[in-house]
Amino acid sequence: MDSDAEPILEIEGLTKVYPGGLKALDDIGLTIRKGEIFALLGPNGAGKTTLIGAVCGLVRPSAGTIRAFGYDMHDDWRKARARIGLVPQELSTDMFEPVHRAVSYSRGLFGLPPDKTRIEEVLRSLSLWDKRNERIMALSGGMKRRVLIAKALAHEPDLLFLDEPTAGVDVELRREMWKQIDTMRARGVTIILTTHYIEEAEEMADRVGIIRNGKILMVDEKEAMMARLGRTEALIDLTEPLAELPPAMTRFPVTLGKDGMQICYRGGDGTGKGKAEVADLTKALVSCGIDYTGIDIHESSLEDIFVDLVGERA
Ligand SMILES: Nc1ncnc2c1ncn2[C@@H]1O[C@H](COP(=O)(O)OP(=O)(O)O)[C@@H](O)[C@H]1O
Ligand SMILES: [Mg+2]
């Protein structure tokens, strides 16, 4: 992602307290730049849908400011909203409508003139063309979700929110949606998706923000986040047991295990250089005349990081 690209969305001090006192968003600050795919990763109840709702004008913030495309969402809501697409988490409206009409109508909602070509293109790209005359309620869950995406794309948004786009869909459809998201990105659409699937953030995003209890715990480029928090573990099985580690090994973060038959490396914390260090380590072993039968190397994934931070499996 181009870190100098213009900011498309600027959120400052955003707080939402629901009636009853639950603080769903707590002083959120976030800047999204043109052209990026940003994944908001967090467990259920973290505040993801509330955050999207606030930006799309569906949830009234208790405090803070939101600027989209340079417009203040409080003062110039309509101007900004017309350029924002939302694929909501829940299927709701127009279940009785045929697919084609629902998608065309969505364009009109944003004050755009009808455009048959555009609608056909969107429906075809989502494999909905053959279903265009069917009522939404008659479609399978996966197809319904495609309709939601088609509706969001019908008005050619510059900024698209996908709220848990693949929750509850099968693996095949998930992969296809990822492809769709890639296609949209190629068209220059800026995408913010929420997910509680780490795999999805890892696969799709340029940047990842981790949210929990209404607070953003950290935001970073995906690779940088993994390197910053990442750690490498390597187990080296030796051909013959060692009584103790040779002095040449002491500069590495290693211990001797399995009755001297294994060297355990645990390092590279926050540097992203663990793998390179393990390579150095194996060279040092060879030059000490120590032979090994195999190396099992593991680098922590975004999932490990997420679990460490959030303290639970998503
Ligand atoms: N309309 C509402 N009224 C009161 N509490 C709500 C409302 N919507 C969501 N919440 C609460 O706000 C918190 C954040 O919810 P939500 O934004 O839906 O989280 P997520 O999308 O990350 O699962 C949750 O504790 C949820 O129960
Ligand atoms: Mg949600």
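The values are calculated or read from the model by the stated rules, or taken from the named source; none is laboratory data. This structure is a prediction, so every number in the text was calculated from the model and none was measured. Cβ placement follows ideal geometry from the backbone for every residue including glycine, while neighbour counts extend to all protein chains displayed.
Hey, can you tell me all the residues within segment 227-256 that are touching a residue at least 12 places away in the same chain (Cβ under 8 Å) and basic (Lys, Arg)? Passing the criteria: 228, 231.
Of all residues in segment 62-95, those satisfying the criterion of being within 13 Å of ligand 1 (Cβ to nearest atom) and touching a residue at least 12 places away in the same chain (Cβ under 8 Å) are 62, 88, 89.
Among the residues of segment 149-192, those that are within 29 Å of residue 113 (Cβ to Cβ) and within 16 Å of ligand 1 (Cβ to nearest atom) comprise 161, 162, 163, 165, 192.
With a requirement of 1 or more residues that are surrounded by fewer than 20 Cβ atoms within 10 Å (Cβ to Cβ), the strands (runs of 3 or more DSSP E) lying completely within segment 140-248 that satisfy it span 207-212, 215-221, 232-238. When residue 293 is tested against (1) under 30 Å from residue 208 (Cα atoms); (2) out of contact with any Gly (no Cβ under 8 Å at 6 or more places or on another chain), exactly one condition is not met: (1).
Of a type in the set (Gly, Ala, Ser), outside any helix (DSSP H, G or I), within 10 Å of ligand 2 (Cβ to nearest atom) and in contact (Cβ under 8 Å) with a residue 24 or more places away in the chain: is that true of residue 24 in this structure? No, not satisfied. Is it the case, given these coordinates, that residue 66 is under 18 Å from residue 210 (Cβ atoms), more than 16 Å from ligand 2 (Cβ to nearest atom) and surrounded by 17 or more Cβ atoms within 10 Å (Cβ to Cβ)? No. Exactly one residue among 103, 17, 99 is more than 16 Å from ligand 2 (Cβ to nearest atom) and farther than 30 Å from residue 133 by Cα, and that residue is 17. For segment 78-96, the set of residues classified as more than 16 Å from ligand 2 (Cβ to nearest atom) and surrounded by fewer than 16 Cβ atoms within 10 Å (Cβ to Cβ) consists of 78, 79, 93, 95, 96, listed by residue number. Scanning segment 109-120 turns up one or more residues that are surrounded by fewer than 17 Cβ atoms within 10 Å (Cβ to Cβ), out of contact with any helix residue (DSSP H, G or I) (no Cβ under 6 Å at 6 or more places or on another chain) and of a type in the set (S, T, N, Q). Residues of segment 163-196 that are within 16 Å of ligand 2 (Cβ to nearest atom), modelled with pLDDT under 85 and in contact with a helix residue (DSSP H, G or I) (Cβ under 6 Å, 6 or more places away or on another chain): 165, 166, 169.
With respect to the conditions (1) without any contact (Cβ under 8 Å) to a residue 12 or more places away in the chain; (2) within 25 Å of the chain's Cα centre (by Cα); (3) loosely packed, with under 15 Cβ neighbours inside 10 Å, residue 273 lacks only one, and its number is (3). The sole residue among 233, 203, 240, 244 that is under 13 Å from the mean Cα position of the chain (by Cα) and not aliphatic (A, V, I, L, M) is 203. Being closer than 30 Å to residue 192 by Cα and outside the structural domain of residue 51 (by TED's automatic domain parsing) is a condition met by at least one residue of segment 257-270. Residue count for segment 223-252 under the criterion of being within 30 Å of residue 205 (Cβ to Cβ) and at pLDDT 85 or above: the result is 3. Among the residues of segment 256-283, those identified as more than 15 Å from residue 297 (Cα to Cα) and at pLDDT 90 or above are 256, 260, 261, 283.
For every residue, the table says whether it meets (1) assigned to a loop (DSSP other than H, G, I, E, B); (2) crowded, with 16+ Cβ neighbours inside 10 Å; (3) assigned by TED's automatic domain parsing to the domain that holds residue 90; (4) touching a strand residue (DSSP E or B) at 6+ places or on another chain (Cβ under 6 Å).
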{"site": "11", "(1), (2), (3), (4)": "no, yes, yes, yes"}
{"site": "16", "(1), (2), (3), (4)": "no, yes, yes, yes"}
{"site": "19", "(1), (2), (3), (4)": "yes, no, yes, no"}
{"site": "29", "(1), (2), (3), (4)": "no, no, yes, yes"}
{"site": "32", "(1), (2), (3), (4)": "no, yes, yes, yes"}
{"site": "40", "(1), (2), (3), (4)": "no, yes, yes, yes"}
{"site": "45", "(1), (2), (3), (4)": "yes, no, yes, no"}
{"site": "52", "(1), (2), (3), (4)": "no, yes, yes, yes"}
{"site": "58", "(1), (2), (3), (4)": "yes, no, yes, no"}
